[in-house]
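Visitor: Just dropping this structure here.
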Amino acid sequence: MASSDEEADTMPESVSTYHFANDKDEPISFSLLPIRWRESKNLDDEKKNHMIFLKGSVDNGLRTIYKQVIAWKFDLSNKTPQISVLTKEKCWMELGKPRKSYEIIIRTVLITVHCLHFARWNPEASGKSVWDYLSKTFSLYEHRPSQNDLVDHLDLIGEAVQKENSLAKCKFLLNFLEEKPRKKMSDEDFKATTMSAFIVDDVEDDNFEDLEEDESNDEDELFDSVCAFCDNGGNILCCEGSCLRSFHATAESGEESACESLGFTNREVEVMQSFFCKNCKFKQHQCFACGKLGSSDKFSGAEVFRCANATCGHFYHPHCAATLLHREDKVAAEELQKKIVAGESFACPIHKCCICKLVEDKKKSDLQFAVCRRCPTSYHKKCLPKEIVFENEADDDTIARAWQNLLPNRILIYCLHWNSSKRSHKVS
Ligand SMILES: [Zn+2]
Ligand SMILES: [Zn+2]
Ligand SMILES: [Zn+2]
Ligand SMILES: [Zn+2]
Ligand SMILES: [Zn+2]
Ligand SMILES: [Zn+2]
């Protein structure tokens, strides 16, 4: 699929720490762009595109670029699969490593392209070896690759098998297309069962489909929309590590809430390639339950482990998470604790309402979640205790504990475990 005739020498060739966003600056997958196959050289068919922009660093991180892109392609002929996007100026740019927090958005398409690549080079490969390979390649992902990832791109796989001769004899792909698999569970089923499903699952269970998230719904909350210091919104800088937190970078940006901020100057923020908070840099994170700091380094004796929910940046001690998830069942708690220590995924308590024990539904106002900023406590809007007063209803005798409009489709609260509320100012 080379089209070197379109490349200009002055353009950087490879981009890293990248993400794609639409014209509203919401993260979006590049796979929504039209794909370019080997034979189609015609550039005029891209008129009704989504507006998609690429942002990332080039020249070994020396420069940041921001460009509109109009097509994408992949090349399976090398040792590793290569994915490129075509800028509006008709230059192909190869994608290196994405920005960490953006990985979840392109997870399924990356897994699909790697699967095609593996199948091309191992046309006889069995399903097991394909999944072994994908699990190894994506071992850093919170959820193991599964059939659901490929199902999202059935059309792409079908087209690839037709257009790329090298794929036409790959047994795994042909079987997969013939089976026309569907997602293992519908989103609704998934939401209703997910938490209990993976808490009681066998350790040996190889199929992690149950864990898959409905990624499309999560895009808007990939990055925390309020500052981790002061819980106010505004102009914030996102950590690219695993904590998913955001911060006021400059004293100026956090002025409204008198935020201590990260203390950067505007100039420093401007030239910054990527930001990792100190916790993520040193792999030391606070347990969201007990508040103590612990190592989160999976390669050298981790003490705290991150919740498996892709949009949740909370870490927990295995004991703290297990105790909260099985308050009344000591045996189950101990078992879960062992599993977490052994590296098994878990979803932390904030993903279920503490009153009715059901999950949230962002599309229904009543079933949206009110999430405590300070401890693992969530309520449905309809399950919120009366004592948790909304900001606009608070008077001299009551403290405001709940804020709308700070988090997308969620309510920010300080639950009743806390005597005071830090937020005393209004946020528009
Ligand atoms: Zn702040
Ligand atoms: Zn961080
Ligand atoms: Zn703890
Ligand atoms: Zn969580
Ligand atoms: Zn509830
Ligand atoms: Zn709380």
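The values are calculated or read from the model by the stated rules, or taken from the named source; none is laboratory data. Keep in mind the model is a prediction, meaning the values are calculated, not measured. Cβ sites come from the backbone with ideal geometry, for glycine too, and all protein chains shown count toward neighbours. Please note that ligands, DNA and RNA were not included when accessible areas were found on the heavy atoms of the full protein model with its side chains. Shrake-Rupley method; radii C 1.70, N 1.55, O 1.52, S 1.80 Å.
Visitor: To the nearest 10 Å², what's E179's accessible area with a 1.4 Å probe?
Guide: Its heavy atoms expose roughly 120 Å² to the probe.
Visitor: Quick check: net charge around S295, other residues with Cβ under 14 Å of its Cβ, Lys/Arg +1 and Asp/Glu -1?
Guide: +4
Visitor: Separate question: Peptides 354-363, 76-85: what's the order by average Cβ count within 10 Å, highest mean first?
Guide: My ranking of the peptides, most packed first, is 76-85, 354-363.
Visitor: Give or take rounding to whole Å, what are the principal axis extents of the alpha carbon atoms in segment 85-176, in descending order?
Guide: Answer, in whole Å and largest first: 38, 32, 20 Å.
Visitor: Which values, in whole Å and largest first, are the semi-axes of the equivalent ellipsoid of segment 318-428 obtained as the square root of 5 times each eigenvalue of the Cα gyration tensor?
Guide: In descending order, the three semi-axes are 30, 15, 12 Å.
Visitor: Carbon and sulfur together cover what percent of the accessible area of segment 326-391 at a 1.4 Å probe radius?
Guide: 53 percent
Visitor: If ligands, DNA and RNA are left out, what is the accessible area of W418 with a 1.4 Å probe, given in Å² to the nearest 10?
Guide: Accessible surface of W418 is approximately 90 Å².
Visitor: From the phi of every residue in segment 277-284, what ³J(HN,Hα) in whole Hz does the Karplus formula 6.51 cos²θ - 1.76 cosθ + 1.60 yield, where θ is phi - 60° and glycine or proline is x?
Guide: Once θ is set to phi - 60°, the couplings for segment 277-284 become 5, 4, 4, 6, 4, 9, 6, 10 Hz.
Visitor: For segment 254-270, in order, what is each residue's ³J(HN,Hα) by Karplus, 6.51 cos²θ - 1.76 cosθ + 1.60 with θ = phi - 60°, in whole Hz (x at glycine and Pro)?
Guide: x, 4, 4, 9, 6, 6, 4, 6, 6, x, 7, 8, 4, 4, 4, 5, 4
Visitor: ³J(HN,Hα) across segment 21-28 via Karplus (A = 6.51, B = -1.76, C = 1.60, θ = phi - 60°), whole Hz, x for Gly/Pro?
Guide: 9, 8, 6, 9, 6, 8, x, 8
Visitor: Under a 1.4 angstrom probe, counting protein chains only, how are E387, E26, E328 ranked by accessible area, largest first?
Guide: E328, E387, E26
Visitor: Would you mind checking which residues have amide H under 5 Å from A347's amide H? H placed 1.01 Å from N; only 5 or more apart, or other chain.
Guide: A308
Visitor: Using the per-residue mean of other Cβ atoms lying within 10 Å as a proxy for protection, in what order, highest first, do the peptides 227-237, 138-148 fall?
Guide: 227-237, 138-148
Visitor: Note down the net charge around Y379, summing +1 for each Lys or Arg and -1 for each Asp or Glu among other residues with Cβ under 12 Å from its Cβ.
Guide: Result for the local shell: +4.
Visitor: While we're on this one: List every residue whose amide H lies under 5 Å from the amide H of R374, counting only residues 5 or more places away in sequence or on a different chain, with H placed 1.01 Å from N in the peptide plane.
Guide: Amide H neighbours of R374: C415.
Visitor: Heavy atoms only, 1.4 Å probe, whole protein assembly: order H317, H117 by accessible area, highest first.
Guide: H317, H117
Visitor: Same structure, new question: Non-local amide H neighbours of Q68 (under 5 Å, H modeled in plane, Pro and chain starts lacking H): which ones?
Guide: The answer is L54, K88.
Visitor: State the Cα centre-to-centre distance between segment 297-319 and segment 107-149 in whole Å.
Guide: 24 Å
Visitor: Using protein chains only and a probe of 1.4 angstrom, how many square angstrom of C280 are accessible, to the nearest 10?
Guide: Number for this one is 10 Å².
Visitor: For segment 245-328, with every protein chain kept in place, what is the accessible area per residue (1.4 Å probe, Å²)?
Guide: Accessible area per residue: 55 Å².
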